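To start, the structure under review is shown below, and the notes come after it.
Quick note: the coordinates plus some simple rules give every number you see, no bench work behind them. Please read all numbers here as calculations on a predicted model, not as lab measurements. Every residue, glycine among them, receives a Cβ derived from its backbone with ideal geometry; neighbour counts consider all protein chains shown.
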Amino acid sequence: MLSVLVVCACSHSGEDFLAANDFFSQGNYEASLGKYEKLIQKDPGNADRALFEMGIIYAHPENPQKSYPKALDCFRKIVNDYPHSPYRRDSQMMLLQIQNVTIKDHLIAEQQVQMDDYRRTIKSQENEITASRKKVATLEQKVFQLRTEPVDKVLIEKRSRRLMLISKGRTIKTYKIALGGDPIGPKERQGDNKTPEGIYTIASRNRHSEYHLSLRISYPNENDKKHAKALGVSPGGDIMIHGIKNGLAWVGGFHSEMDWTDGCIAVTNPEMEEIARLVPNGTPVEIRP
């Protein structure tokens with residue numbers, strides 16, 4: 001940053017110089033310059049002093065009309081036209097300093113232009129990548145919709161709130177899910193609003209479910225029954241993978257923003273159609289914490 005020489009009012013003689021310096025101190029650079037221009041005409045003997053201070057104002061970093069070319073003109077005029085001026089040496093120093101600052105400003109401006117170009121290029125590439133991903137996702141979905149081979153397993157990860165269709169050891173589709181209203185821990189008894197944890201199968205399906213379409217999970221298994229018996233409670237049942245309650249299909253994917261079922265696993269209606277198509281009765285279901 002340009003180091004600006006501060007000229008004190010006490011170094012000036014005459015009310016006009018004091019007034020010009022007051023304008024400068026107040027940040028009224030335009031008024032100060034106007035005053036110095038009049039001083040040059042009014043008092044040619046102090047023109048070098050007025051030119052020097054004008055150069056300082058033109059170069060001042062807080063001047064909204066800052067102009068290095070005009071500042072250079074002022075300092076050059078002192079150097080060329082006033083060889084015996086006490087401001088000549090300082091003017092030469094200011095010429096060198098402003099020239100260095102100008103070179104640095106040009107370099108910074110060029111670097112900024114390059115950075116802006118890089119940002120635009122990166123943004124364009126990001127847009128292309130996003131568009132490509134959308135195309136790939138669309139193609140994958142079309143391929144998936146053509147699939148007729150049933151999957152080997154349904155894997156549900158409660159903590160991650162996701163259901164995965166597994167075929168030949170590979171995940172072919174993942175869905176966001178909602179769980180029971182009290183999802184942490186395995187289901188132990190009827191009415192605890194928990195989703196079970198363990199190994200099950202798809203026991204049956206209901207095309208006329210109150211929740212669009214449902215696949216019943218074979219809960220409780222033998223371990224669940226033994227555990228409930230030890231607690232002296234009913235293990236409950238009717239644990240389903242199902243869609244949205246009839247009449248509320250418009251909620252769509254927003255349903256997965258909270259756990260709202262009585263212990264079931266919920267997806268959107270279109271997702272439920274996909275799952276039901278590829279998950280026949282008897283398909284293993286693993287539910288992890």
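Things worth noting here:
- Across the chain, the mean sequence separation of Cα contacts (distance under 8 Å, 6 or more residues apart), normalised by length, yields a relative contact order of 15 percent.
- For region 101-114, Karplus couplings with θ = phi - 60° (6.51, -1.76, 1.60), whole Hz, Gly/Pro x: 5, 4, 4, 5, 4, 5, 5, 4, 5, 5, 5, 5, 4, 4
- Neighbour-limited loop hits for trypsin sites (Lys or Arg not before Pro), region 136-210 (at most 12 other Cβ within 10 Å; DSSP other than H, G, I, E, B): Arg159, Lys168, Arg207
- In sequence order, region 84-100 has phi-based couplings of 9, 5, x, 9, 5, 5, 5, 5, 4, 5, 5, 4, 5, 5, 5, 4, 5 Hz under the Karplus curve 6.51 cos²θ - 1.76 cosθ + 1.60, θ = phi - 60°, and Gly or Pro positions carry x.
- Range of Cα positions in region 153-288 per principal axis (Å), largest first: 41, 35, 28
- Taking every alpha-carbon pair under 8 Å whose residues sit at least 6 apart, region 153-288 reaches a relative contact order of 33 percent.
- Mean shadow area of region 41-96 over all directions, Cα convex hull, nm²: 3.9 nm²
- Loop-located GluC sites (Glu not before Pro) in region 174-252, at most 14 other Cβ atoms within 10 Å (DSSP): Glu210
- Per-residue Cβ neighbour counts within 10 Å put Asp48, Asp105, Asp16 in the sequence Asp105, Asp16, Asp48, beginning with the fewest.
- Two-site FRET efficiency, Ile129 against Lys245, from Cβ-Cβ distance with R₀ of 30 Å, rounded to 0.05: 0.20
- With the convex hull drawn over the C-alpha atoms of the chain, the volume per residue is 251 Å³.
- Residues with amide H under 5 Å from that of Gly236, placed H, sequence gap 5 or more: Gln190
- For region 171-211, the Kirkwood estimate of the hydrodynamic radius, built from every pair of different alpha carbons, is 12.7 Å.
- Prolate/oblate/rounded label for region 9-104 (Cα gyration tensor, a/c 1.5): oblate
- Across region 191-198, rounded Karplus estimates of 3J(HN,Hα) from the backbone phi angles (6.51 cos²θ - 1.76 cosθ + 1.60, θ = phi - 60°) give x, 8, 6, 9, 8, x, 9, x Hz, Gly and Pro being marked x.
- Full extension of the segment from Asn193 to Thr121, taken as 0.36 nm per residue of separation minus the current Cα-Cα distance, would add 20.8 nm.
- Compared with the direct C-alpha span, the chain from Gln112 to Leu139 gains 5.7 nm at full extension, assuming 0.36 nm per residue.
- Alpha-carbon centroid distance for the pair region 167-196 / region 58-117, whole angstrom: 71 Å
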